[in-house]
Amino acid sequence: PDPVAVFETTAGAFRVEMWLGKAPRTASNFLDLCATGFYDGLHVHRVVEDFVVQLGCPHSREDPFGQMVGTGGPEVGTYHNYGQNVTERRWKGLGGAVIRDEYPKPSNTRFTLSMANTGEKNTGGSQFFINVEDNFELDWSTPGPAAHPVFGRIVAGEDVVLAMARAAV
């Protein structure tokens with residue numbers, strides 16, 4: 001079975017099944033960042049009503065309303081890809097380290113987690129969003145610049161995510 005990550009927020013807790021079999025690189029990167037404490041103390045930095053809740057920027061830790069929020073990522077380094085049992089690397093990107101894209105089949109449906117990026121290939125690192133509605137236009141299989149790999153699904157606490165989606169940021 002795929003591992004489950006528990007998110008503890010000021011709005012409550014929710015649980016996400018991480019899809020190592022469907023998106024091994026992206027899910028493993030996320031799990032590695034969790035294990036190192038990267039996400040501890042970060043704030044939600046973007047809420048778009050009826051669309052997404054975004055988090056994962058390290059700049060949100062100290063100043064959740066600062067100009068750099070939404071531009072950061074993890075450090076350059078390596079992580080273990082648990083789904084494929086290989087070592088992957090993060091390399092220098094614009095605002096932090098990034099990982100190589102993968103093209104999983106799951107769609108950006110309601111309550112899935114998806115890797116945020118700049119709209120260019122290979123620019124995802126640590127920022128991700130929760131789809132609060134179906135957002136098929138963000139799938140890899142659709143034409144256009146927005147393409148975001150889905151790597152997990154909320155399995156408990158959907159009410160918490162909906163409360164977050166209604167909060168002012």
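The values are calculated or read from the model by the stated rules, or taken from the named source; none is laboratory data. The structure presented is a predicted model; accordingly, all values stated were derived computationally and were not measured. Note that each Cβ is placed from the backbone with ideal geometry, even for glycine, and that neighbours are counted across all protein chains shown. Ligands, DNA and RNA are excluded from the accessible area calculation, which covers all protein heavy atoms including side chains. Shrake-Rupley method; radii C 1.70, N 1.55, O 1.52, S 1.80 Å.
Overview of values
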| read-out | value |
| --- | --- |
| Positive dipole terminus of the stretch 11-67, leading residue within PHE65, MET18, GLY41 (C-beta point charges) | MET18 |
| Rg followed by Dmax, in Å, when the stretch 81-169 is reduced to its Cα trace | 14.0, 41 |
| 5 angstrom amide H check on GLY152, placed H, neighbours 5+ away | TRP19, LEU113 |
| The chain: Rg to Rh, with Rh as the Kirkwood radius over Cα pairs | 0.92 |
| Accessible surface of the chain [probe 1.4 Å, protein heavy atoms]: carbon and sulfur percent | 52 |
| 1.4 Å probe accessible area per residue over the chain, in Å² | 51 |
| Residues of type lysines that LYS22 reaches as a straight line, Cα spacing below 16 Å, ignoring anything fewer than 8 places off in the same chain | LYS105 |
| At most 11 other Cβ within 10 Å, DSSP loop - trypsin sites (Lys or Arg not before Pro), the stretch 23-86 | none |
| Value at 222 nm in deg cm²/dmol, rounded to 500, when DSSP H runs of n ≥ 4 in the chain each add -39,500 (n - 2.57) | -3500 deg cm²/dmol |
| Candidate lysines for bridging to LYS92, where Cα separation is under 16 Å - those fewer than 8 sequence places away on the same chain excluded | LYS121 |
| DSSP-loop chymotrypsin sites (Phe, Trp or Tyr not before Pro) across the stretch 34-106, with at most 10 other Cβ within 10 angstrom | PHE65 |
| GluC sites (Glu not before Pro) within the stretch 49-91, DSSP loop, no more than 16 other Cβ atoms inside 10 Å | GLU49, GLU62, GLU75 |
| Ordering of 101-110, 1-10, 130-139 by burial proxy (mean other Cβ atoms within 10 Å per residue, highest first) | 130-139, 101-110, 1-10 |
